[in-house]
Amino acid sequence: MNDDISNLLTEATSAVDAAASSAALDAVRVEWLGKSGRVTELLKGLGKLPADQRKARGAALNELKGAVEGRIQARLENIRGTELGARLAAERVDVTLPARPTPDGRIHPISQTIDEIVAIFGDMGFSVADGPDIEDDFHNFSALNFPPRHPAREIHDTFFLTPGADGERKLLRTHTSPIQIRVMRRENAGAAAPQFQVHRDPPLRVIGPGRVYRRDSDATHTPMFHQAEGLVIDRDINLGHLKWTLDAFARRFFELDSVVTRFRPHYFPFTEPSAEMDVQCDRSGGQVKIGEGGDWLEILGGGMVHPNILSTCGLDPDAWQGFAFGLGVDRLAMLKYGMPDLRDYFDGDARWLAHYGFSAFADPNPASGLS
Ligand code: PHE
């Protein structure tokens, strides 16, 4: 190898060895072996040499080229190894670190309470029925024996919707009792609401939880709240069945045998006789305790299904009787879980829910415990 070539090799070799990264090494490669690299240019100049020098010079240059290439390749493997080692060290996963917490959703106390109610009545042979939140006058009032223009329609302080093209004025249901009509009456609810085709032939036992709406707002009333409608139709059903069922429910719901209940006569157009049921409680000291004290809290209305309702629904009142009741779901939740202000329930504050909510993995059932 000529002197100049061995000098070039020394120079290239130290440039290669000095490259500290694959990017720097690539720059060296371009400088020496690229399209207009120094070795490449020398090779291009071979043609101008006299023929007798060309062969030896060509061989020497090719040897130089091969040597530089080999040096670069060796250096590249070296750098890759170092770079991989650095990445492995930097991206190392510490498997001993504690896992990041995944936020787990909470079950709203109202959903929990509805699940508990359904579990208890389900255990007694009831099945769930549902109806639309937007009702018509017929299901919410007329079929339930509210006379036209009777003030009983006003006591509910109804939210009415703007009348449609046909003049019909829909409303937000003021109670879950229209579910009774939807269950008992054989009618075509229309393809628009197939999910509410809940008709069942008697004998029947249904529980219908859902949202209801009234113009009302203070610590114990919100414009939207929840009820669970109960309906039992059979032959030879009497008031004793109603009282037993509701007493049994109260004991199971509050998970306390000492719950004391009281029936107070009341008026509903769709039951006769009608009553409201209260539970005994102690409300002194800003707390609610069930089964002691001298206070009473109303949790439901109920009674024997009025014969007019049965007739309207195509059932013979001489052949069938039944009872119905409407549970105040929010009241039950307040009592059982000791949350005093109903408005907090529907504020949508995630901190409140994190505190008062229930685990999504607890499935309430009367055998394993409800809450
Ligand atoms: N719908 C009544 C209310 O909202 C409660 C009720 C239901 C009463 C069923 C009797 C029978 O006040």
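Any read-out appearing in this document is the output of simple, stated calculations on the displayed coordinates, not a laboratory observation. It should be emphasised that the depicted structure is a prediction, and the values quoted were computed from it without experimental measurement. No Cβ is skipped: glycine too gets one built from the backbone with ideal geometry, and neighbour counts run over all protein chains shown.
Residues considered: Asn140, Asn308, Asn62. Largest GNM mean-square fluctuation over the chain, using C-alpha springs under 10 Å, is found at Asn62. Pick from Pro340, Pro269, Pro98 the residue whose mean-square fluctuation is largest in a GNM of the chain, springs joining Cα atoms under 10 Å. Sorting by GNM fluctuation, first place goes to Pro98.
In whole percents, the pair-distance distribution calculated for segment 105-185 from its alpha-carbon pairs, binned every 5 Å from zero, is 3, 13, 18, 19, 16, 14, 10, 6, 2, 0. Once R0 is set to 22 Å, what does the formula 1/(1 + (r/R0)^6) return for the Cβ-Cβ distance between Met124 and His266, expressed as a FRET efficiency to the nearest 0.05? With a Förster radius of 22 Å, E is 0.40.
Each of Val30, Val128, Val232, Val93 has some number of other Cβ atoms within 10 Å of its Cβ, and from fewest to most they run Val93, Val30, Val128, Val232.
Note that the chain, at 4 °C in a medium of 1.567 mPa s, gets a Stokes-Einstein diffusion coefficient of 48 µm²/s from its Kirkwood radius over C-alpha pairs. For the chain, averaging the sequence separation of C-alpha pairs within contact (under 8 Å, six or more residues apart) and dividing by the residue count gives a relative contact order of 16 percent. Ordering Thr162, Thr220, Thr113 from the fewest to the most neighbouring beta carbons within 10 Å gives Thr162, Thr220, Thr113. Farthest toward the dipole's positive end in the chain, which of Ala165, Ser217, Ala67, given Cβ charges of +1 (Lys, Arg) and -1 (Asp, Glu) about the Cα centre? My answer, from the dipole projection, is Ala67.
Segment 52-94: which trypsin sites (Lys or Arg not before Pro) are DSSP loop and have at most 15 other beta-carbon atoms within 10 angstrom? Taking segment 52-94 and a limit of 15 other Cβ atoms within 10 Å, the loop trypsin sites (Lys or Arg not before Pro) found are Arg92. Of all lysines in the structure, those lying under 25 Å Cα to Cα from Lys44, and not within fewer than 8 positions of it along the same chain, are Lys35, Lys55, Lys65. Only one residue of Leu144, Ser177, Thr96 has its Cα farthest out toward the positive end of the dipole of segment 67-188, where Lys and Arg carry +1 and Asp and Glu -1 on Cβ, and that residue is Thr96.
Fewest neighbouring Cβ atoms within 10 Å first, the residues Asp130, Asp166 line up as Asp166, Asp130.
Reported to the nearest whole Å, the Cα centre-to-centre distance from segment 115-166 to segment 194-237 is 7. Taken about its Cα centre, the chain carries a charge dipole of roughly 1500 debye when the Cβ of each Lys and Arg holds +1 and the Cβ of each Asp and Glu holds -1. What number comes out for the charge environment of Asp133, summing +1 per Lys or Arg and -1 per Asp or Glu over other residues with Cβ under 9 Å away? Here the count lands on +1. Stretched out straight at 0.36 nm per residue, the stretch from Leu46 to Leu161 would grow longer than its current Cα-Cα span by 31.8 nm.
Residues in segment 51-65 carry Karplus couplings, in order, of 4, 6, 8, 4, 5, 5, 5, x, 4, 5, 5, 5, 5, 4, 4 Hz; the curve used is 6.51 cos²θ - 1.76 cosθ + 1.60 with θ = phi - 60°, and Gly or Pro positions show x. Using a simple spin-label model with pseudo-atoms 7 Å out from Cα toward Cβ, Arg343 and Ser258 lie 3.5 nm apart. Once the Cα-Cα distance is subtracted from the 0.36 nm per residue extended length, the Glu77 to Ala24 segment shows a gain of 17.7 nm. Considering only Gly208, Gly37, Gly328, the Gaussian network model of the chain with Cα springs below 10 Å gives its largest mean-square fluctuation to Gly37. Between the listed residues Tyr345, Ile120, Leu25, the Cα displaced farthest toward the positive end of the dipole of the chain, a dipole computed from Cβ unit charges relative to the Cα centre, is found at Leu25.
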